[in-house]
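Have a look at the structure below, then the notes.
Readers should treat all values here as calculations from the given coordinates under stated rules, not as data from a laboratory. This structure is a prediction, so every number in the text was calculated from the model and none was measured. Here the Cβ positions follow ideal geometry from the backbone for every residue, glycine too, while neighbour counts run over all protein chains shown.
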Amino acid sequence: MYRLVSILLFLSHCAVFAQDAPVTELSEVNLKYIKLKDSVYTTTQTILSDSILKRNQSSLTSLLNFNSTIYLKENGLGMVSSPSFRGTTAQQTAVLWNGININSQTTGQTDFNTINTRGFDQVIVKSGGGSVVDGSNAIGGSIYLGNNLTYNEGFINDVFLKYGSFNTYGLDYKTSYSTKTKSFSLGFSKAGSDNDYEYPGTERVNLNGQFNNTNISATFGFKLNNENTINIYSNIYDGKRNFSLPTPNALKTKYYDFNTRSMLEWELKSDKIVSKTKVAYLTENYEYYPNINRDFNTYGKVGSLFVKYNLDYTLGRMLLSGGFNYNQNNGEGSDIQHKIRHLGSIVLGVKQKVNKWFLYEASVRQELNNIYESPFLYSAGLQAEIASFYSLKLNTSKNFRIPTYNDLYWEGLGNPDLKPELSYQGEISNVLYLPNTSLTLTGYYNTVENLLLWTPDVNGIWRPSNAENVNIYGFEALFKAHKKIGRHKLDVSATYAYTVSKNEETDKQLIYVPYHKLTTSLSYGYKKLSAYYQFINNGEVFTTTDNAPEHIVNSYMLANFGAEYNLGKGTNKYTIGAQVLNLWNETYESVLNRPAPGRNYSVYLNFNI
Amino acid sequence: MNKGLKLLTICISILFLQHCTSEDREIIVDNQPLSGDYANGIFVLNEGGYTNSNASVSFIDASGQVYNNVFFAINGRGLGDVAQSMGFNGDFAYLLVNNSNTIEVVNKYTFESVITIENNILNPRYITFVGDKGYITNWGDPADPTDDYVAVLNVETNTIINTIPVAEGPEAIVNNNGTIYVAHQGAYGYGNSISVIDTTSETVTKTIEVADVPGNMIIDNNSLYIICSGKASWTGDETSAGIYKINMVTNLVEDEITFATGVHPGFLKKANNSILYTLNGAIYNIAFNDFTLPATALFNTSTQNLEVLYGFNIINNKIYIADAKDYVSNGEVLIYNMQGEFQEGMDVKIIPNGFYNNN
C-alpha cells in the first residue's frame, strides 16, 4: 500500500510542477454556474469520452480495467468477464444503456466482454449506490453506455480499422447526418480474434478461445418544435465465443449471445418543466453449447418492457422531480420456468441550490411488486463549495438488488421466498481543484445485507438463499491534470482504490476483491503526433473464502503504449496509430488458471470526414 | 530542454520505475517425506475447483502427519482439472482427472509421473483392474446420453486398446473374478441399472435393473451390495432410494431395502461385518446378516460442523469423511473410530473427495 500511495503522491507532485503555467480550467462542475438538471451532484462520476474509447481496446472490460477503480476478472482474454466495483459482487454493478438497466435478468450481471464500446459515444462510470435513479443492482456503482444525438452537423463519416496480434481485428463505421431539427446516426462495429496466444512462460497455447461479435447502433432524433423532441435508440449485439480450454484435452465449448435493445423517448422541455417519457423493449438470449460439435445446448431468454416517466419542475432555486417506472419481464430457459413478472416503482426527489456554494439533494423510491419484499430506497447528499479550490460532497443511500430469474425460478432449486439484497452506504468526497489539476479523495462505507448466493447443503446440492452480510469500506483517489506549453500537450490521469470487503460472519475478504488497484495514464501530444502510456497495478486477490494464501492470484502490473499521427488537414482527421499491449511482457492472470497474453501489437487507422 | 519535455521525462521515468517492483508470491510446497516413502499411508484426493486446474493429492502417513500437494512437489506441475478418483495396480497409481480428460500414471511409492494417458479418455470417472487390464468408466460428452463407454487400458503399454459402449452415466465399477459390474448413476440424466461385463469377450452380458441413481458398490461373500440414492425432490420427479443385494452367481436381485419417500442416502462402504452408509451428514450401520434399515444413526458429523459430506471411506478400522466446506476453500478430513467417536481432523486442500489406502 505504502508503495502505491507514494507513487500516486509522486504523480500528483509531477502535476504540481505545471502550476506556474497559464491557467486553464478543467471542465469540472462548478456550482456557481450550473443549472440544476436531472443528475446526481453529490457522488462522483467519471466520463470516458470518444477519444479515450478509441485508444482503448473495444471491450468494456479492457476500457474500465485501464481507466477506473473497478476490478475486472476475465476468464481469459475475451471470455466471460465480470466487475467488482467498490468491493461488491459481479451482480452489484448496474449497466445502463441510454438510461435503461441492461443487466441480465437471468444472471443479474452484465458480461463486460459482451459490450463493444465502439457502439457508444461515451461511457460514464458512476461510483457508489444509485438505486433510486438506476434501479436494481446499483450498489457498487453504475456504468452508463450512452449514444449522443447531435444536431446541425451535416454529414459525418467515421471509419476505424484495427488489426493486431492473434489475428485480432476491429472494424467500425459510423455515419451520421443532422440538420437543425433532425438527427440520424448508424454505427456498425465488428470485432474478433483467433485469440490463440501463447501462455507466457509455458509451451501451452490458448486453445478454442476464438471469438467475434457484431454491434449495430442507430439513433434518430426529431425536434418537433421548440419544446418537443422524439428520440429513437436501437442496438443489436450478436456475439459468438468459443470458451478457451482450462486444460489442453478438455471438451470444447461455445457460447452465443444475442441481445436487442430499442427505445422511444419523448422529451418535453419548457421554461420550468422537463418531462421525459421512455418506452423500451429489450431482449436477451444466450445459448451454451457444452460440446461445440453437437447441437445440444442450454439456453435462457428474457424479453423486458420498460416504461419510464420523469418530470422535473423548476421552482426558483429548487428542482422538484417525480416519476414512475414499470418493468415487465417475460423469461424462460432450459432450466428456468417460464414466468412473467411485473415490477413497478415511484420516485420523488428534490434538489436545491441554496446559495452560490451550497447544494443539497434528496430522493426516495418505493418499489412495488408482489414477488419479493418491496423496499423503500433513498438517497440524500450535499455539496459545499468551501473554497474556490475545495468542495466537499456527502452522500448516503439505501440501495437494492432483486433476485434473478435463476434465483427465483430455476427448476426444482429456485427459491421463491428470496428477499432483495439491501445496501446502506455513506461517502465523503473531497474535491480539490488546482490550476490544471483536480484531485478527488473519497472515503466510503457500505453494508450489504441478505447477499443472494447459491450455497451447497450437506449433500452438496446448491440452492440460492439470502446467505451473508458483507461490510465494505474503502478509499478512492481520482487524479487528473493537463498542461499545455506551446505545442506540447500533456494529460495525466490516475486512480487508486483501497478496498476492504469482508464477510460479516467470517471476517474474511471476499474472493476476487483486491485490496489495491492503481491505474495511471499519460498522454503527450506535440503538433499532430501523440503518444500515450497506460499502466495498471491490480493487487493480489484471494480465490478461496478461507483466504488461503496458496490459492491467491498474484498481483500484476500491466502497461500499454501507443502512438498516433494525424495526417489530416482542417477538420478532417486521418489518424494512423500503433500500440504495444502488455509492453513489459508481464505474465499474469486475473482469474485462476486463465493466463493472459504476453506482449502483443496492433495498428489502427481512423478516418473522420 | 524546455519545461514540457522535462516534465514528460520525469513522468515517464516514474512509470518505468513502477515496473521494477512487480513481485509474485512464491508457490508454497509443503515439506515432503523422502521419495519412496508414500507407503503405509493414505492418499486423499482433492478434486480442486471446476476449471481452476488445481486438483491435488494429500498424503497422511502412519503417524498422522499430512503432506499436501504431493503430485506437484514430486513432478513440478499440477495434477489437472477436477481429480475424480484413483486406483492402484502393481506399483502404480492411476489418477483419473475428469475435466482434463487425462489419466496420470505415477509410481505409488515415489509418486513420480510415469505417463499421462490422453487418448480415448473423455470424462473419466472410476477405474478397476483385471489382470493386466484397467477398466475405466467414461461419460463421454456428458450431454450425449449415447456415447458413454468403458475404456480398456493395457497397463503394460498404458494405451487404451478397446472401448465398450454402455448405457448413460457409467460411474462406480467393481471386479469380481473377471466379471465387471458398472453402476449407471447417470450423467446429465439419471440411470437405474447395473451393466455386467464379461472381460474375456469385453461385452455387456447382462443389465440388472435397480432403483434410480445407483452409486457405491461393495462385494461381500459373493453378493454385490449397491446403494441407489433415488431422484431428489428438486428434480421434479422424486423417487425412492434403496440398497440392493445382488447374487453374483445368478446376477439376480436377491434382496432390497427401500428408504422412505424423501430420504436420499449418499455413500456406502464395507465395514467388518456390516455396511455403512451416509445420510444428511450422519452415518448409519446395517449388519450383513440383518439387512434392514437402522432406526438410528451410528453417529452424526454435526458436532464437527461438517458442511458438505463429499468423501467417505473405511480404512484400517477408521472412518474417513471428507468435508468439502463451501467448495471454495480448503477442505478438511474428519476421522472417526468404528464406534463413531471423533478422533481428529486434518486440513487438506480444495474439495477433498476420496481416500485411498497405500499399503
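Here is the tail figure for the range A:381-433: Cα pairs spaced more than 12 Å apart come to 71 percent of all pairs. Can you figure out the FRET efficiency of B:D255 with A:L186, using R₀ = 60 Å and their beta-carbon distance, to the nearest 0.05? After rounding, the FRET efficiency stands at 0.20. For a test of the definition: using alpha carbon positions, the gyration tensor, and the 1.5 limit on a/c, classify the range B:204-359 as rounded, prolate or oblate. Prolate, because a/c is 1.5 or more and a/b exceeds b/c.
Under 18 Å between alpha carbons, and skipping anything fewer than 8 positions from A:K54 in its own chain: which lysines qualify? Counting by Cα, and skipping residues close in sequence, A:K54 has these lysines nearby: A:K162, A:K174, A:K190, A:K528, A:K573.
Note on A:L605 and B:T110: with the Förster distance fixed at 60 Å, the Cβ-Cβ geometry gives a FRET efficiency of about 0.50. Other residues within the sphere of radius under 13 Å centred on the Cβ of B:R77, judged by their own Cβ, net out at -3 (K and R +1, D and E -1). Fully extending the segment from A:T283 to A:E586, taken as 0.36 nm per residue of separation minus the present Cα-Cα distance, adds 105.2 nm. Here A:K272 is the anchor, and the aspartates and glutamates within straight C-alpha reach of less than 16 Å, apart from those fewer than 8 places off in the same chain, are A:D38, A:E227, A:D312. If the segment from A:K269 to A:S334 were pulled out straight at 0.36 nm per residue, it would be longer than the present Cα-Cα gap by 18.8 nm. Evaluated at q = 0.28 Å⁻¹, a Debye calculation over the C-alpha positions of the range A:312-360 (equal weights, vacuum) places log10 I(q)/I(0) at -0.97.
Taking every DSSP helix (H) stretch of at least 4 residues in chain B, weighting each as -39,500 (n - 2.57) and dividing the sum by the residue count yields a mean residue ellipticity at 222 nm of -2000 deg cm²/dmol.
Model label points for B:E156 and B:N357, set 7 angstrom from Cα along the Cα-to-Cβ axis, are 3.1 nm apart. Estimated at 0.36 nm per residue, the fully extended path between A:I461 and A:N148 surpasses their Cα-Cα distance by 107.9 nm.
Note on the protein assembly as shown: semi-axes of the ellipsoid equivalent to its C-alpha gyration tensor, largest first and rounded to whole Å, are 56, 31, 27.
Excluding B:T110 itself, calculate the net charge of residues whose Cβ lies under 15 Å from the Cβ of B:T110, where each Lys or Arg counts +1 and each Asp or Glu counts -1.
-4
Listed by chain and number, the lysines whose C-alpha is less than 20 Å from the C-alpha of A:K278, apart from same-chain residues fewer than 8 away, are A:K37, A:K182, A:K223, A:K269, A:K308. Rounded to the nearest 20 debye, the dipole size of chain A about its Cα centre is 2180 debye, using +1 on the Cβ of Lys and Arg and -1 on the Cβ of Asp and Glu. Distance between the 7 Å Cα→Cβ label points at A:L394 and B:D37: 6.4 nm.
If r is the Cβ-Cβ distance from A:K37 to A:F296 and R0 is 51 Å, what FRET efficiency results, to the nearest 0.05? Could you put the intermediate results ahead of the total?
Details: r = 51 Å, r/R0 = 1.00.
With a Förster radius of 51 Å, E is 0.50.
Across the range A:560-580, the residues whose backbone nitrogen lies under 19 Å from the label position 7 Å along the beta-carbon direction of A:E198 are A:580.
Where the eigenvalues come from the Cα gyration tensor of chain B, what are the semi-axes √(5λ) of the equivalent ellipsoid, largest first, in whole Å? Show your work: numbers first, answer last.
On the way: eigenvalues 339, 121, 94 Å².
In descending order, the three semi-axes are 41, 25, 22 Å.
Taking K and R as +1 and D and E as -1, what net charge do the other residues with C-beta under 13 Å from the C-beta of A:L581 add up to? Don't skip to the end; give the middle numbers.
Details: positive: A:R55, A:K162, A:R599; negative: A:E586.
Taking every Cβ under 13 Å from that of A:L581, the sum is +2.
Counting neighbouring beta carbons within 10 Å and listing from fewest to most, the residues A:W584, B:W139, A:W454 come out as A:W454, A:W584, B:W139. Estimated from helices alone, the mean residue ellipticity of chain A at 222 nm is -1500 deg cm²/dmol (sum of -39500 (n - 2.57) over DSSP H runs with n ≥ 4, per residue).
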